[in-house]
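Have a look at the structure below before the remarks.
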Amino acid sequence: MRILVAAFGDAGHVFPAIALGRAIAARGHEVVVETWEERRGAVEGAGLGFAAAEEYRMFPPPDPNSDEGQHAAEAARALLPLLEEMRPHAVVSDILTLAPTLAAERAGVPLATLIPHIYPVVQPGLPFFAIGLRPPRTRIGAALWRAGHNRALRVGLEQGRRDLNVQRGRLDLAPIDRFHGGISPDLALVATYPQLEYPRPWPTGVEVTGPMTFELPHPDVELPPGDDPLVLIAPSTAHDNRLVRIALEALADEPVRVVATTNRVAPQRPIEVPPNALLVEWLSYTQLMPAASLVVSHGGHGTVARALGAGTPLLICPFIGDMSETAMRVAWAGAGLSLPWRLCRPAPLRWAARRLLHEPSFARRAAAIAAWGREHDGAARGAELVEALALRGAGAP
């Protein structure tokens with residue numbers, strides 16, 4: 001069969017899409033990945049077909065009622081010739097790529113949604129997604145969150161549904177009544193660990209597969225000498241080097257070895273590197289995650305998933321977006337600690353790192369999550385589900 005996988009171009013979205021594409025190809029199917037042109041090398045290097053995506057502004061989105069700027073509907077219309085030529089049996093669309101979702105429906109192709117992080121749809125009675133709060137402990141707390149869901153949250157959901165229906169109208173698609181219309185009701189692949197998901201009833205079609213990991217090859221780095229615990233400072237590729245500076249200062253006099261990366265983000269001023277540390281532009285998670293006793297991160301889901309997959313606890317200093325949510329889920333799961341960005345200074349970071357390195361419960365919990373991951377390949381499970389969706393669409397029993 002022929003499967004189109006479409007992904008937003010940031011590493012945290014396109015790399016899980018590549019992992020899924022490889023797993024689908026391993027089942028004997030033809031796979032094309034549609035994403036940003038700059039990711040062509042990674043896609044083709046993985047042995048998959050590549051199609052350049054029609055890029056349009058996502059943040060902030062253009063006014064849906066204005067004719068100015070590129071809209072998702074126009075990007076979807078530009079994708080239709082590829083669907084007509086390829087005639088895919090299924091389309092997998094990343095949660096941030098609305099255009100392929102609309103194009104698949106317009107072309108009548110079965111659709112799956114890839115969610116490469118924690119499931120973002122709020123369950124009534126639980127905190128709003130992305131603010132980073134734990135589940136309520138009492139019925140009163142749950143009732144308050146349920147009231148907020150029924151009032152404040154629904155206002156935003158109603159606006160999102162109206163904006164989506166404007167885009168649908170541009171493509172002569174009928175309006176929809178349900179919320180979260182960018183997520184396929186037939187199959188949503190949630191590529192995270194179930195241990196990071198709060199207990200809830202799962203909607204039909206939602207499958208928590210486990211993370212889908214992919215990494216570009218990179219030469220190993222020479223680790224700092226000695227036998228002290230190794231701490232990896234792995235900031236998000238989307239942010240500056242403040243976390244690197246603070247963590248290096250915090251750990252300079254600690255009995256640890258440190259490896260930090262700038263992720264090729266050029267520092268605005270030189271970064272002071274203490275004697276117990278190594279600073280590099282890029283590194284291999286495959287090398288460093290299993291060797292580390294602790295990972296310090298902003299909380300990008302891809303980095304968190306790789307650390308937990310290696311059984312390594314995390315200290316997360318969330319910066320923006322859903323990082324606070326991911327940080328709180330890791331702390332809730334007992335596999336790390338969350339240090340709010342306003343407290344991201346040398347003394348608090350040093351205290352948190354000491355606790356994580358000296359209390360064995362964090363490493364035990366991270367190891368238990370890693371053991372689950374070894375038994376559950378997220379990309380392989382996702383490939384099975386996509387194949388089944390395509391077969392149903394083709395009329396197979």
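The values are calculated or read from the model by the stated rules, or taken from the named source; none is laboratory data. Given the structure is predicted, the values throughout are model-derived calculations rather than measurements. Neighbour counts are summed over all protein chains in view; Cβ atoms, including those assigned to glycine, are modelled from backbone coordinates with ideal geometry. Just the protein is used for accessible areas: all its heavy atoms, side chains included, with ligands, DNA and RNA removed. Shrake-Rupley method; radii C 1.70, N 1.55, O 1.52, S 1.80 Å.
A few notes on this one:
- Note: relative contact order over the chain, using C-alpha pairs below 8 Å and six or more positions apart, is 16 percent.
- The mean sequence separation of alpha-carbon pairs under 8 Å and at least six residues apart, normalised by the residue count of segment 85-140, gives a relative contact order of 26 percent.
- A simple spin-label model places pseudo-atoms 7 Å from Cα toward Cβ; at Val221 and Thr204 they are separated by 5.0 nm.
- Top of Pro116, Pro88, Pro201 by mean-square fluctuation, Gaussian network on the chain, Cα under 10 Å: Pro201
- Long-range HN-HN contacts of Val92 with modeled amide H, under 5 Å: Leu4, Val5, Ala6, Ala112
- In this simple spin-label approximation, Leu80 and Thr138 carry label points 7 Å from Cα along the Cα→Cβ vector, and these lie 5.7 nm apart.
- Approximate spin-label separation Ala152-Glu38, in nm, with each point projected 7 Å along Cα-to-Cβ: 3.5
- On a per residue basis, the chain carries 46 Å² of accessible surface, using protein heavy atoms and a 1.4 Å probe.
- Each Lys and Arg Cβ is given +1 and each Asp and Glu Cβ -1; about its Cα centre, the chain then shows a dipole of about 1520 debye.
- Amide H within-cut-off set for Leu278, under 5 Å, with H built and near neighbours excluded: Val258, Val259, Ala260
- Residues Asp377, Asp322, Asp10, Asp253 ordered from highest to lowest accessible area at a 1.4 Å probe: Asp253, Asp377, Asp10, Asp322.
- Note on the chain: dipole from Cβ charges, positive end direction compared against Trp332, Val190, Gly156; the farthest Cα belongs to Trp332.
- For the chain, the percent of C-alpha pairs falling in each 10 Å distance bin, counted from 0 to the bin holding the largest distance, reads 5, 22, 30, 26, 14, 3, 0.
- Of all accessible heavy-atom area on segment 267-319, the percent that carbon and sulfur account for (1.4 Å): 52
- Within segment 312-354, all pairs of alpha-carbon atoms sorted by distance into 10 Å bins from zero give the percentages 33, 55, 12.
- Cα centroid separation, segment 96-125 to segment 223-294 (Å): 36
- Residue-averaged 222 nm ellipticity for the chain, from DSSP H runs of 4+ at -39500 (n - 2.57), nearest 500: -12000 deg cm²/dmol
- Residue among Arg245, Arg170, Arg329 with the largest mean-square fluctuation in a Gaussian network model of the chain, springs linking Cα atoms under 10 Å: Arg170
- Candidates per GluC sites (Glu not before Pro) in segment 228-303, loop by DSSP, up to 14 other Cβ within 10 Å: Glu272, Glu281
- Lys, Arg +1 and Asp, Glu -1 on Cβ, resulting dipole of segment 308-397 about Cα centre, debye, nearest 20: 560
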